[in-house]
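In what follows, a single structure is set out as structure tokens and then discussed.
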Amino acid sequence: MSEYTLETRGLTKHYGGVHALEDANFTLRKGEHVAIMGDNGAGKSTFVRQITGVERPTRGEIRFNGAKVDFAGPLDAREVGIEAVFQTLALADHLDVPDNLFLGREKTKWNWLGPFRRLDYKAMHADTLAALEKTGVKIPSIRNTIQYMSGGQRQCVAIARTATFHSKLTIMDEPTAALGVQETAQVENIIRTLKEQGEPLILISHNMRQVMDLCDRIVVFRRGRICANLLAREVTGEQVVAYITGAKTQPEYMTDGVL
């Protein structure tokens, strides 16, 4: 059994002559929370699109729980247990919480009836409540449609969706960028709950305070390459910013030599 939940070796993505990602060597240990930081266009989103199956890499290798994977699309990544919460959230405003959590993966009953089977609302309702409890998400009523919820509640629903399907890796892309102080605190408490439960997480964020408080390690991208791999407890925000801006260019390695 591999000690790593996720590994990439030489992960590269070219769009014609544009080298958006080049030789990204990345590791995520089981139960570890890692922040990915970098300026706009640094390669963060490109990297995430490769490991979630949204795009296929030009070259390189992805290993998940020790096994080499080659995702043909996002559904393949979801099948092995990789769940992502993107800034767009991908929620259906006119549906309630259970319908959003199970959108595209609805539970059914009377399956022996073939095309006459029915949605199992009772099972989806119960699993929704379990997911909300697991992540510490507080929603006044799961029967409320998404359109009447605050930005923080919407974000929490998207996060709870990852817990519903027992994800083995959660990826969050700027989960609090558009939220207020109280809503940000709620999302951060959910991240802490996932940490307590030993679930690995990748957090893409520009919020230095958030990264320092919530993550074990910080991986910095610049111009499509990983330029630093840092233990959060051993660096300052100023040092991280120096890598992001290019003021510091000498690559910095962790003890395992991965960069």
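The values are calculated or read from the model by the stated rules, or taken from the named source; none is laboratory data. What you see is a predicted model, and the numbers here were worked out from it, not measured in a lab. All Cβ positions, even for glycine, are placed from backbone atoms using ideal geometry, and neighbour counts span all protein chains on display.
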In this structure, does residue 12 turn out to be on the phi < 0 side of the Ramachandran plot, touching a His at 6+ places or on another chain (Cβ under 6 Å), of a type outside the set (D, E, K, R) and surrounded by fewer than 21 Cβ atoms within 10 Å (Cβ to Cβ)? no
Can you tell me how many residues in region 35-59 are more than 24 Å from residue 212 (Cβ to Cβ), touching a residue at least 40 places away in the same chain (Cβ under 8 Å) and charged (D, E, K, R)? 2
Considering only region 65-104, state which residues are closer than 16 Å to residue 6 by Cβ and part of a loop (DSSP other than H, G, I, E, B). 65, 66, 70, 71, 81
Test for residue 115: is it at pLDDT below 85 and either in contact with a helix residue (DSSP H, G or I) (Cβ under 6 Å, 6 or more places away or on another chain) or not in a helix (DSSP H, G or I) (or both): no
So is residue 62 β-branched (Val, Ile, Thr), in contact with a Ser or Thr (Cβ under 6 Å, 6 or more places away or on another chain) and either farther than 24 Å from residue 195 by Cα or not in a loop (DSSP other than H, G, I, E, B) (or both) or not? yes
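Condition check ((1) surrounded by 20 or more Cβ atoms within 10 Å (Cβ to Cβ); (2) at pLDDT 90 or above; (3) of a type in the set (A, V, I, L, M); (4) under 19 Å from residue 28 (Cβ atoms)) across all residues:
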{"residue": "170", "(1), (2), (3), (4)": "yes, yes, no, yes"}
{"residue": "174", "(1), (2), (3), (4)": "no, no, no, yes"}
{"residue": "180", "(1), (2), (3), (4)": "no, no, no, no"}
{"residue": "195", "(1), (2), (3), (4)": "no, yes, no, yes"}
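Being without any contact (Cβ under 8 Å) to a residue 24 or more places away in the chain and either more than 19 Å from residue 203 (Cα to Cα) or out of contact with any strand residue (DSSP E or B) (no Cβ under 6 Å at 6 or more places or on another chain) (or both), is that true of even one residue in region 76-85?
So far as region 76-85 goes, yes, one or more of its residues are without any contact (Cβ under 8 Å) to a residue 24 or more places away in the chain and either more than 19 Å from residue 203 (Cα to Cα) or out of contact with any strand residue (DSSP E or B) (no Cβ under 6 Å at 6 or more places or on another chain) (or both).
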If we keep just the residues of region 223-259 that are of a type in the set (Gly, Ala, Ser) and assigned to a loop (DSSP other than H, G, I, E, B), which is modelled with the highest pLDDT? 224
Could you say whether any residue in region 22-35 is in a loop (DSSP other than H, G, I, E, B) and surrounded by 22 or more Cβ atoms within 10 Å (Cβ to Cβ)? no
Search region 101-122 for residues being closer than 30 Å to residue 45 by Cβ and touching a strand residue (DSSP E or B) at 6+ places or on another chain (Cβ under 9 Å), and hand back the single one that is surrounded by the fewest Cβ atoms within 10 Å (Cβ to Cβ). 106
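Residue by residue, here is whether (1) in a loop (DSSP other than H, G, I, E, B); (2) outside the structural domain of residue 65 (by TED's automatic domain parsing) holds:
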| position | (1), (2) |
| --- | --- |
| 137 | yes, yes |
| 156 | no, yes |
| 177 | yes, no |
| 186 | no, no |
| 192 | no, no |
| 198 | yes, no |
